[in-house]
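What follows is a short report on a single structure.
The values are calculated or read from the model by the stated rules, or taken from the named source; none is laboratory data. It should be emphasised that the depicted structure is a prediction, and the values quoted were computed from it without experimental measurement. Please note: Cβ atoms are built from the backbone with ideal geometry, for glycine as well, and neighbour counts cover all protein chains shown. These accessible areas exclude ligands, DNA and RNA; they are computed on the full protein's heavy atoms, side chains included. Shrake-Rupley method; radii C 1.70, N 1.55, O 1.52, S 1.80 Å.
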Amino acid sequence: VEEKTGLPVFSVYGARRSPSPEQLRGLDALVFDIQDMGCRFYTYISTLGLCLEAAAQAKLKFFVLDRVNPLNGVTVEGPVHHGDSSFTAYHALPLRYGMTLGELAQMYNTERKLNADLVVIRLQGWSRELWFDQTGLPWINPSPNMRSLTAAILYPGLGLHETALSVGRGTGTPFEIAGAPYIDDVKLAAEFNRAGLPGVRCMPLQYTPTYSTFKDQPCAGLYLAITDRDRLQAVDAGIVLAQILYRLHPKDFALDKIQTLLQSRETLEAIRAGKSLTEIKTRWQSDLADFNRRREQFLIYK
């Protein structure tokens, strides 16, 4: 219960992931006002879609109070999801889609034929090339472990490994580090840096997470440092990390677990088969070109 008004508060992040018809009864409209992180498996964009569906079914007006994409509204990368909708892959999007919530809502409404009474309250003063720290807006953690723009930039890559590795939950730098008890941190860091990915370098690291994967177990791994965010492609970093770990630790590294968030069986099998990063990315290109054509008609901002 909300203290000041006595109004009931319902969670859509738990047993239920969208409002029920009973919860919507008597309302004039549903308003969506949540800060996204620009990554397909950060589930706020799934909540957006599920709430849009619920509003359409209840014949309620649906307002999206648009928010900036912290990772800019230009860069698109990663494999495009195909197949059934899930909470970590609601729609046919690449891992990094370069759209705002309002733009995504328009795409959902049209492509999923929801016919919702959608109203996007537009941003003022934002242009697509801006990163979050260039907007003048204050950073407020959108979730407990998303504590900085640096973490958000690395998230589409390191976040893929959440269930296979410790990615820093239970430390001071979630989504900036990755490790496991079986890793040789010095060797992993040397291998990663040898890959020569633009915009990122890493350092060996040892730590013990107090939460999540490998809780309370001494881990070794790497800390990623962004050297040029405009050149960095975080998804590449996540794929390269998987390639190295599968090559060095094929029995210990749970490669299949990254499929939960990656949602690209073809990419997973290419990693397993030892394909190069270039070969893997070539397989994404036609889907990304198609996504960019779809995306174009829903872009609101220049």
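What's the magnitude of the charge dipole for region 185-302 around its Cα centre, counting Lys and Arg as +1 and Asp and Glu as -1 at the beta-carbon? Answer in Debye, nearest 20.
That gives region 185-302 a dipole magnitude of about 140 debye.
What is the set of long-range amide H partners of V64 at a cut-off below 5 Å, with H atoms built 1.01 Å from backbone N?
HN-HN under 5 Å from V64: F32, V119, V120, I121.
At q = 0.13 Å⁻¹, what is the log10 ratio I(q)/I(0) for region 245-302, with the Debye formula run over Cα points and no solvent?
Values returned for q = 0.13 Å⁻¹ are -0.47.
Of all accessible surface on the chain at a 1.4 Å probe, what whole percent is carbon and sulfur?
50 percent
Angle check, please: helix 44-58 long axis (alpha carbons) against the longest principal axis of the chain (alpha carbons), in degrees 0 to 90, nearest 10.
In the chain, helix 44-58 runs at an angle near 20 degrees to the longest axis.
Collect residues whose amide H, placed 1.01 Å from N in the peptide plane, falls under 5 Å from the amide H of C219; neighbours closer than 5 in sequence don't count.
Y207, T208
How far apart, in nm, are the 7 Å Cα→Cβ label points at K275 and A190?
3.0 nm
Contact order normalised by length for region 92-238, with contacts defined as Cα pairs under 8 Å and 6 or more residues apart; what percent is it?
It rounds to 21 percent for region 92-238.
Cα axis of helix 185-194 to longest principal axis of the chain: angle in degrees, 0 to 90, nearest 10?
In the chain, helix 185-194 runs at an angle near 80 degrees to the longest axis.
Quick check of the Kirkwood formula: for the chain, what is the inverse mean of 1/r over all pairs of different Cα atoms, in Å?
Computed over the chain, the radius equals 20.3 Å.
Just subtract the alpha-carbon distance of Q297 and S148 from 0.36 nm times their residue separation and send over the number in nm, one decimal.
50.5 nm
What is the magnitude of the charge dipole of the chain about its Cα centre, with +1 placed on the Cβ of each Lys and Arg, -1 on the Cβ of each Asp and Glu, and no other charges, expressed in debye to the nearest 20? Could you put the intermediate results ahead of the total?
On the way: 33 positive and 32 negative charges, 56 e Å.
Computed charge dipole of the chain: roughly 260 debye.
Helix 234-248 versus the longest principal axis of the chain: what is the Cα-based angle in degrees, 0 to 90, to the nearest 10?
40 degrees
Any lysines with Cα under 30 Å of the K257 Cα? List them, leaving off those in the same chain fewer than 8 positions away.
Partners within reach: K187, K215, K275, K281.
For the chain, set up a GNM with springs between Cα atoms under 10 Å and report which of I34, I140, I244 has the largest fluctuation.
Evaluated over the chain, the most mobile residue of the options is I140.
In the neighborhood of D184, defined by Cβ-to-Cβ distances under 14 Å, what is the net charge if each Lys or Arg adds +1 and each Asp or Glu adds -1?
-1
When we measure straight from the Cα of K61, which lysines land under 21 angstrom away, once same-chain ones fewer than 8 places off are left out?
Those lysines meeting the cut-off are K113.
Distance between Cα centroids, region 188-229 to region 95-118: provide it in whole Å.
If we compute the Cα centre of each part, the gap is 35 Å.
Which of A105, A254, A180 ends up with the largest GNM mean-square fluctuation for the chain, with Cα atoms connected below 10 Å?
Among A105, A254, A180, the largest mean-square fluctuation in the Gaussian network model of the chain belongs to A254.
What fraction of the DSSP beta bridges in the chain is antiparallel, stated in percent and rounded to the nearest 5?
Around 65 percent of the beta bridges assigned by DSSP in the chain are antiparallel ones.
Can you tell me the dipole magnitude for region 48-161 around its Cα centre, using point charges on the Cβ only (Lys, Arg +1; Asp, Glu -1), in Debye to the nearest 20?
Taking the Cα centre of region 48-161 as origin, the dipole is about 200 debye.
May I ask you to compute the full-extension gain from I140 to Q23, defined as 0.36 nm times their residue separation minus their alpha-carbon distance, rounded to one decimal in nm?
39.3 nm
For the chain, set up a GNM with springs between Cα atoms under 10 Å and report which of W126, W139, W284 has the largest fluctuation.
Between W126, W139, W284, it is W139 that shows the largest mean-square fluctuation.
With a Förster radius of 35 Å, plug the Cβ-Cβ distance of T5 and R201 into 1/(1 + (r/R0)^6) and report the FRET value to the nearest 0.05.
0.10
If contacts are Cα pairs under 8 angstrom and at least 6 residues apart, what is the relative contact order of the chain in percent?
For the chain, the relative contact order is 16 percent.
Taking a quarter of the surface of the Cα convex hull of region 95-171, what do you get in nm²?
On the way: hull surface 28.4 nm².
The number I arrive at for region 95-171 is 7.1 nm².
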